[in-house]
C-alpha cells in the first residue's frame, strides 16, 4: 500500500514557483508516494491560493504533471471539497445544476493530472428522493467512466443527504452499478458508530479510497483493520491531517504498523 497526504495549493515559498510546489516539496521530503489535491477556493491551509479546477488551464495542468515528475510525487487522488461552501447556499438539490458542472470539470482535472480517484460529496445538501440521487450519481459515473476516473463518495458524509447511513451508500453503489463509482472510506471512530475494520468489512469490494486521521492505537484495532484491508484494498492510505508538523510522526507510526500487519 502506498502513502499519501491531502494537500492544496498554498503561498509559494520561492519567487516564481507554482503554488502546488510547497506541498509537493513537503511530500517528497517525507518520502510520500503521492498527494490528494484538495479542490477548494479557500482551503484549510490558508486563503491565499486555493485550487479550483475551472481556474487551472491546459498549460498549467501540463506544468503540474511535470512538477510531480520532478518531485517524484504523483497526484494519486483529488478531493472536491468546495461543496461544503456551495451547500450552505444550495441545500436543495434543485439548485445543484451549477455544482454538477463544477464536478464535471473536477473529473476532467483528475484525468489530466493522472489522478485515479476523485472524492466527492454534496456537503450539507439534502436529497429529495432516492431515485433523484441515483439519477444524479449515474450521470456523474458515466462521465467519470468516459474519462478513466473513479468517483468515491465519502462514507461519513453520505448521511447528510437524508438517505440513510453507510449501509445505504453501499446499496446506492450497487444500484448505480458503475465501475467508476464506489465508497471513499473515512472512519470517524471513536466519534462514529462503527470501528474501522467493521466499516471496511461492510463496504467490502466497493472501497475505492481510504482517508485516515492521526494514528490512534488506543482506539483503533489496527490488526483487525489491516486484516480487513487485505481482503479488499491495497492502493493508497491518504492522511487527512491539517497540522503539517504532525504528519511525519504519523507517517512513521503508519509504516511501523504496515511492517507489523501487512
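The values are calculated or read from the model by the stated rules, or taken from the named source; none is laboratory data. For clarity, every value in this text was computed on a predicted model and none was experimentally measured. Positions of Cβ are generated from backbone atoms using ideal geometry, with glycine treated the same way; all protein chains shown enter the neighbour counts.
Odds and ends about this structure:
- Residue among 118, 151, 163, 210 that alone is over 14 Å from the mean Cα position of the chain (by Cα) and touching a residue at least 24 places away in the same chain (Cβ under 8 Å): 163
- As for the range 116-123, it holds no residue that is part of a helix (DSSP H, G or I) and crowded, with 20+ Cβ neighbours inside 10 Å.
- Residue pairs whose Cβ atoms lie under 6 Å apart, separated by 6 or more positions or on different chains, with the first residue in the range 230-246 and within 19 Å of residue 117 (Cβ to Cβ) and the second surrounded by fewer than 17 Cβ atoms within 10 Å (Cβ to Cβ), are 232/204; 232/205; 234/1; 236/2; 237/1.
- Answer from 63, 6 - the residue that is in a helix (DSSP H, G or I) and modelled with pLDDT of 95 or more: 63
- Tally, over the range 20-45, of residues that are modelled with pLDDT under 95 and out of contact with any helix residue (DSSP H, G or I) (no Cβ under 9 Å at 6 or more places or on another chain): 2
- Taking helices (runs of 4 or more DSSP H) as the structural unit, those lying wholly within the range 150-262 and holding at least 2 residues that are loosely packed, with under 14 Cβ neighbours inside 10 Å correspond to 166-176, 222-232, 247-261.
- Leading residue by the ranking (surrounded by the fewest Cβ atoms within 10 Å (Cβ to Cβ)) among those in the range 63-97 that are more than 23 Å from residue 239 (Cβ to Cβ) and without any contact (Cβ under 8 Å) to a residue 12 or more places away in the chain: 89
- Exactly one residue out of 118, 161, 100 is under 27 Å from residue 33 (Cβ atoms) and modelled with pLDDT of 95 or more, and it is 118.
- Scanning the range 10-42 for residues that are in a helix (DSSP H, G or I) and either on the phi > 0 side of the Ramachandran plot or without any contact (Cβ under 8 Å) to a residue 40 or more places away in the chain (or both) gives 22, 23, 29.
- Qualifying positions in the range 174-187 - under 20 Å from residue 96 (Cβ atoms) and under 19 Å from the mean Cα position of the chain (by Cα): 178, 180, 181, 184
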